[in-house]
Every structure is written in C-alpha cells, then in structure tokens.
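First the structure, in the form of structure tokens, and then the observations on it.
The values are calculated or read from the model by the stated rules, or taken from the named source; none is laboratory data. What you are looking at is a predicted structure, and each value in this text was computed from that prediction instead of being measured. Glycine also receives a Cβ, built like all others from the backbone with ideal geometry; neighbour counts cover every protein chain displayed. We work out accessible area using only protein heavy atoms, side chains counted, and drop any ligands, DNA or RNA first. Shrake-Rupley method; radii C 1.70, N 1.55, O 1.52, S 1.80 Å.
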Amino acid sequence: MAQIVAFSRSLHLQHPLWVSLASLCSRSMSSLDTRARAVFSAAVEGVQPDIVVRRSLERHGDKLLVGGQSFTLTNNLYLVGFGKAVLGMAAEAERIVGDRLIKGVVSVPHGIQKTLRNHGKEKMLLENNSRITVMEGAKNNLPDTDAQKSAECIRELASGLTEKDLLLVLISGGGSALLPAPAPLMSLQEKQDVTRKLAAAGATIQELNTVRRALSLLKGGGLAQCANPAQVVALILSDVIGDPLDLIASGPTVRSDSKPEEVWDILDHYKLSGCLPSSVKEVLRPHYGSQVKKQPEEVKDHVLNVVIGSNTIALECASRKAVELGLRPVILSPGVCGDVRSVSRLYGLLSRFACSPEKEPPPELAAEILQLGPEVGVESWDLCRTLNVLVEERKEGWGATCLLAGGEPTVQLTGKGRGGRNQELALWVGLELSSDEVKCGAVFLSGGTDGQDGPTEAAGAVTDGELMEEATSQGLDIDGFLTNNDSFTFFSQLSEGRRLLMPGLTGTNVMDVHVMLLPPSAQRDFQ
C-alpha cells in the first residue's frame, strides 16, 4: 500500500474545507440515504438546460458571444434541436435571442410537454407565441415514424439556409433516437432492428452511436452539410463518456472519420453480421459513403461545436453539495463503463478497502482494485488518488466519505423483466455490500440524470448492506430478479418501493451519477 500512497500523495485533495469529526459525530448516520439523494439532486440541478444555456450564450445587442466567438444577429437566426433536454434549452435560448429568431424546429421525447407541465416545470416549456415548432416522438427512447417526420422537418429547414444565415443547433442525450433519418435503401424499421439487437447484446453507447451514424443521412456531420453554407453553432449537453463530439447524438454537426470496416468490427464482435438485411449490408459497403453521403472538408469550417454541460460538471455540483451536508467528497471518475457486474465489484472492493479492520488494508485488495480499473473505465491514476484519500481518512479519523462517480455501465439482457442499468447496478452493489467481508453501513445510489432508467418511472435506486436480509425477510429471490433483468419489479416490491429513486423527468441528461457514502463507523482509530 505504501507505493500507492506515495504515488498520489502530492495530489491536492478535492476540497480544502472540511467539517470536523466532532460535528459529524453529533449527526445521525441514519440520514445517509437522505443525504445520498440530496447529493444526486444537486448533480442534476447543476446541469439543468436553462442554467447551461445561460452560461454559454452571452448577448450584447446584436452581438452573440458563444465559445469565445462573436456572431452578428440580424433577422438571420434559425434554430433546430433534438434530445431529452432540448425543450428546456430551446426555451432559454428563445428568451435570450428570440427577437432575432425567424423559425425553429425541435424534436423531443413523446409526452415530454405534458410531463414537464405536470411536474411544475413550466420554465422548460416554450411560450404560446414561440416561433419554434415542437415535435414529439421516439416513445420509450426508440426511433419511430414521428421522430422520423421531425428529422425530415429539421433537414428541410437546414437545407434552405444561405451563407447569410446562422443556425443554432441544440443537442442533448437522446438525440440519436430523435433524429432518425435512415440512409437511402434502408427503412427505419431495419435500422431500428440493428440498433436494438446491439443494445440487447451489451454494446456501449459509443458502439451504438458509431453504427447509427453509419446508417444515417443526418448523423456523422450530415446535418451540418445540409446547412452549408450557413454558419452553424451547436450547443451540446453531453451524455457520452469523455464528451467526444462525434459520438454525442451520433455527431450530426461533426465530420465523421469512421470507416465501414469499423462498423463491421462492432457487428462482428456482437455476432450480428450474418443476420443483417440486404439493405443494411448495401449501406455499409466501403464505397457507399463516397457515392451517397459526401462530406467535404469545408463542413468543419462553418461549424462551431461547444459542450455546455457534462457528467463532470454534474459531479462537481454534487461534490459541493456533499460538503454542505458535512461529507468529504472524493470524485473517482466521470467515465465508469463496462458490465454492471464488474462495476458493482469495484464498488464492493472499495467498500472493503475503506472498512478493512487492519491498520493498512491488505495490498492484495488494492492490487485487485487497480487490476479491475481498466475493465470499468477508471484510470489507475484516479484509483490511486482515491485509495490514498481513503487511507488518510482512516488514519486521521475524518468523517463520512462521499465517493462520487459517473458514466454509463451496460447490462447484458438475459430476461424480459423491467428495469434499467441504474437499478440493476444498485441491486448488484447491494449484494456486494451485504457480504460479511464488506458490511460496514455504506450506502450506494445509482441514478440516471434524465430521471428515467430504462422504460420505467424510476431513475435508479438506493441500496446498502441490509439489502439481502431485507429481501429474504420479505420472500424476494434476488437471483431470480437479476436473471430476468427485473430490478424495477424487485425494488417496487421491496419495502413498498422506498429504495427507488423517483425524481420524475428532469429535463436534462448527462449519463448516470453514482454516490457511495461511507460512514465514520466504517473507519477505525488506528493511532
């Protein structure tokens, strides 16, 4: 363990101001569940669409400052958008530049206007006299004919612009499903079948978007090409690990450099190449891109892409809230990925590390954590830094720790139950925390920042080391629910659903947030 401590000792800790152990001990640790939920809420609040748009659009009369560049506003402004958070983004953008806006079209999730209104979020809705047309589609986050109609309207608007015009493009998570424009020769159903099979096989969001982009007319820079020669300014709320512009919503304003063979590699990996429709195979032929979807170099010269919100920003907001609640925050990584079982194992190992009864946690435990890191997208440097902080906390008797992370793990479907990756991850972590080796009073929360975890009304769930005993006492077979990917049903039946995370539709989307709280009781006085 000495090498790990030395490796990261020179790094600065996340926050300089800490609540003393004495003040923490005066608080009831039974409130950890409540605090975990409050930390998650702060993460979501920090990436609300109106907040991130106001942060990025600076208006001075007829001058609009975006991403360090200045644009002149005459009667030349148009707006399009697509994604789960786009309605709120469009409402705020219109409040800022609406007097110069000629026309706009946004493609948003089915039922979102009614849902936002029911949740009292009128500020995310457009005014009655708005110049922006709202089109709903993609029910259950799947591309459909309604979303395809929206995509066609967006394409028509962009295609009619001139070199004097400015097109403001609003993009957020869910944009891929809300901008379906299948490449010629292929139907929407055929494209949808391919992506659905990939998702069921456990493909990452990066892999899904790579395939979607190759099968689309507007993605992979296609929308920017339609708008050429107009100036395009894209404001992007990222829902992809690392914020790669070409993968967020499949990069409709970013020139794509992916090659057909890369798409084939993904399809081969998930054993789907042999069952593709002939139209899809024709689209993916190496010569296809040069014949149908030309993307000259000038596409990138008239486009400005700006990421205005991300998982990293959400974690920073969560960290500040943790301090307010008397917790010591440690941000592990915004890039957690991989199978939920491997991710849950990492959190279980970190809990064991923090709860070890020995003065120095066993070096083999640290080694196992470091070995698992690359499998779940966490850099060794971040793991070393986190382990170092946990060791220092044990030695110096600090109070409760709030371990924060984000990303987008994956689930391999083996059943037909209801749930999503956050609820299933929480269930697996609950099993880890229920182990005799781990049990220390830790609380774990996993939630989707969009408020929707799979096709359910929950965003995720909160769990702890009492999960297994609680389930057994109520006659619930955890293994059976996991085998059937039925985590939502499990948490709904467990203790009347009290462990479910139910914020409702949030209007934003920057992937998932993980919160693990380690109480002072998990730490020993080793002096």
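Laid out as a table, the results:
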read-out: Residue in the stretch 517-524 that is modelled with pLDDT of 95 or more and either in contact with a helix residue (DSSP H, G or I) (Cβ under 6 Å, 6 or more places away or on another chain) or open to solvent by less than 30 Å² (accessible area, probe 1.4 Å) (or both) present; value: yes
read-out: Residue check for Q423: within 20 Å of I205 (Cβ to Cβ) and open to solvent by less than 10 Å² (accessible area, probe 1.4 Å); value: yes
read-out: Subset of the stretch 178-190 that is touching a residue at least 12 places away in the same chain (Cβ under 8 Å) and open to solvent by 10 Å² or more (accessible area, probe 1.4 Å) - its residue that is nearest to S56 (Cα to Cα); value: A181
read-out: Index of the failed condition, T506 passing every other in (1) modelled with pLDDT of 95 or more; (2) out of contact with any Pro (no Cβ under 6 Å at 6 or more places or on another chain); (3) buried (at least 24 other Cβ atoms within 10 Å of the Cβ); value: (1)
read-out: Filter result for S107 (surrounded by 24 or more Cβ atoms within 10 Å (Cβ to Cβ) and touching a strand residue (DSSP E or B) at 6+ places or on another chain (Cβ under 6 Å)); value: yes
read-out: Leading residue by the ranking (farthest from D50 (Cα to Cα)) among those in the stretch 86-115 that are among the hydrophobic types (A, V, I, L, M, F, W, C) and in contact with a Lys or Arg (Cβ under 9 Å, 6 or more places away or on another chain); value: I102
read-out: Residue check, T195 surrounded by fewer than 22 Cβ atoms within 10 Å (Cβ to Cβ) and within 21 Å of P244 (Cα to Cα); value: yes
read-out: Test for P329: is it in the same structural domain as D479 (by the TED database), within 27 Å of P520 (Cβ to Cβ), part of a loop (DSSP other than H, G, I, E, B) and not polar (S, T, N, Q); value: no
read-out: Residue match in the stretch 230-242 (condition: open to solvent by 20 Å² or more (accessible area, probe 1.4 Å) and under 20 Å from G104 (Cβ atoms)); value: yes
read-out: The stretch 249-270, subset in contact (Cβ under 8 Å) with a residue 24 or more places away in the chain, under 20 Å from L304 (Cα atoms) and not small (G, A, S), residue most open to solvent (accessible area, probe 1.4 Å); value: R255
read-out: Residue match in the stretch 150-160 (condition: part of a loop (DSSP other than H, G, I, E, B) and either open to solvent by less than 10 Å² (accessible area, probe 1.4 Å) or in contact with a Ser or Thr (Cβ under 9 Å, 6 or more places away or on another chain) (or both)); value: no
read-out: Residue within the stretch 85-101 that is loosely packed, with under 13 Cβ neighbours inside 10 Å, more than 27 Å from L501 (Cα to Cα) and β-branched (V, I, T) present; value: no
read-out: Residue list for the stretch 365-420, filter: among the β-branched types (V, I, T), farther than 25 Å from F488 by Cβ and assigned to a strand (DSSP E or B); value: T401
read-out: Residue list for the stretch 367-391, restricted to those being more than 28 Å from the chain's Cα centre (by Cα) and in contact (Cβ under 8 Å) with a residue 40 or more places away in the chain; value: V391
read-out: Test: R320 is open to solvent by 20 Å² or more (accessible area, probe 1.4 Å), under 21 Å from T463 (Cα atoms), in a helix (DSSP H, G or I) and touching a residue at least 40 places away in the same chain (Cβ under 8 Å); value: no
read-out: Those residues of the stretch 294-317 which are at pLDDT 95 or above, surrounded by fewer than 24 Cβ atoms within 10 Å (Cβ to Cβ), farther than 30 Å from P520 by Cβ and not β-branched (V, I, T), in sequence order; value: L304, N305
read-out: Selected residue (criterion: farthest from K321 (Cα to Cα)) from residues of the stretch 45-57 that are open to solvent by 90 Å² or more (accessible area, probe 1.4 Å) and either touching a residue at least 60 places away in the same chain (Cβ under 8 Å) or acidic (D, E) (or both); value: R55
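Conditions (1) touching a Phe, Trp or Tyr at 6+ places or on another chain (Cβ under 9 Å); (2) open to solvent by less than 10 Å² (accessible area, probe 1.4 Å); (3) over 13 Å from D382 (Cα atoms), marked per residue:
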position: P334; (1), (2), (3): no, no, no
position: R345; (1), (2), (3): yes, no, yes
position: S351; (1), (2), (3): yes, yes, yes
position: A354; (1), (2), (3): no, yes, yes
position: E360; (1), (2), (3): yes, no, yes
position: P363; (1), (2), (3): no, no, yes
position: I369; (1), (2), (3): yes, yes, no
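The rows are residues; the columns are (1) closer than 20 Å to S216 by Cα; (2) under 26 Å from the mean Cα position of the chain (by Cα); (3) aromatic (F, W, Y).
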site: A90; (1), (2), (3): no, yes, no
site: G120; (1), (2), (3): no, yes, no
site: N128; (1), (2), (3): no, no, no
site: C153; (1), (2), (3): yes, no, no
